[in-house]
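Visitor: One structure, pasted below without further comment.
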Amino acid sequence: MRLLPYALNHAQAVDDVMRFIVICSLILFTIVIAAMVFFVFKYNHKRNPRATSIPGNVPLEIFWTVIPTVLVLAMFYAGWEAYLQIRTVPKNAMPVKVFARQWSFSFEYMNGKRCDTLYVPKGRPIDCLIKSLDVIHSFYLPAFREKQDALPDRVRHMVVYPEHLGVFDVVCTQYCGLDHALMKTKMIVLPDTTFDRWINSSSTAEPKVALGDSTTYF
Ligand code: CUA
């Protein structure tokens, strides 16, 4: 059974938005620079000894107001769609509490099991309930293009869709004091049977992960 809808490949969505914005910027940059160079030649002192007074041009004004507005709205819409993917908590999501403190992350599952590494089952959406125990931190999963600040006075949601087995970096991305750079851990995506066995066991040992079987990203 496929629990993760295809459309929820969030990293791909973020990369697509990024590519769209970069391409728009490059095209606009080229047009602006080309126009600038063209006008420098066209209106230089030799060719145009007397300054021409141009009072205005309404169609042109409308043109260069409407086009950028449409472009900016398109960029916003694409970003908003991707944003909603990780802010909308699906019913079948598994909640995990994420605690950030100076200078480490820790995780607590709904049955009270705690861990310093985030173990998650493949194919199940994870509802991260993110909170800080002291200053502001940020919970960042680079491979998933997902980031959420951890605040001391409220819980924030971020949904992660682990679609592939593997070991993924988790880092803090808010400057939070002396050891900010060392504040990191891993998210390990396990086959769901391995995860279920571990989460339901009374042992405090961490699950055995055969790294050879999984793919390491970043
Ligand atoms: Cu916590 Cu930087």
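The values are calculated or read from the model by the stated rules, or taken from the named source; none is laboratory data. Just so it is clear, the structure is predicted and the values come from calculations on it, not from any experiment. Please note: Cβ atoms are built from the backbone with ideal geometry, for glycine as well, and neighbour counts cover all protein chains shown. When the accessible area is computed, the model is the full protein with side chains, heavy atoms only, and any ligands, DNA or RNA have been set aside. Shrake-Rupley method; radii C 1.70, N 1.55, O 1.52, S 1.80 Å.
Visitor: From the set of residues in the stretch 119-163 that are of a type in the set (Phe, Trp, Tyr) and within 16 Å of the ligand (Cβ to nearest atom), which is least open to solvent (accessible area, probe 1.4 Å)? Let's see the steps before the verdict.
Guide: Restricting attention to the stretch 119-163, the residues satisfying the condition of being of a type in the set (Phe, Trp, Tyr) are 119, 139-140, 144, 161.
Still in the list and also within 16 Å of the ligand (Cβ to nearest atom): 139-140.
Details: Phe139: 0, Tyr140: 58 Å².
Out of the qualifying residues, it is Phe139.
Visitor: Kindly provide the set of residues from the stretch 58-106 that are within 16 Å of the ligand (Cβ to nearest atom) and either open to solvent by 30 Å² or more (accessible area, probe 1.4 Å) or in contact (Cβ under 8 Å) with a residue 12 or more places away in the chain (or both), ordered by number.
Guide: Hits for the stretch 58-106 are Val98, Phe99, Ala100, Arg101, Gln102, Trp103, Ser104, Phe105.
Visitor: Another one. How many residues does the stretch 182-212 contain that are within 16 Å of the ligand (Cβ to nearest atom) and surrounded by fewer than 11 Cβ atoms within 10 Å (Cβ to Cβ)?
Guide: Total satisfying the criteria: 1.
Visitor: Tell me which residues, restricted to the stretch 107-118, are away from the ligand (no atom under 16 Å from the Cβ) and not aliphatic (A, V, I, L, M). Before the answer, list the steps.
Guide: Of the stretch 107-118, the ones away from the ligand (no atom under 16 Å from the Cβ) are 108-115, 117.
Hits for the stretch 107-118 are Glu108, Tyr109, Asn111, Gly112, Lys113, Arg114, Cys115, Thr117.
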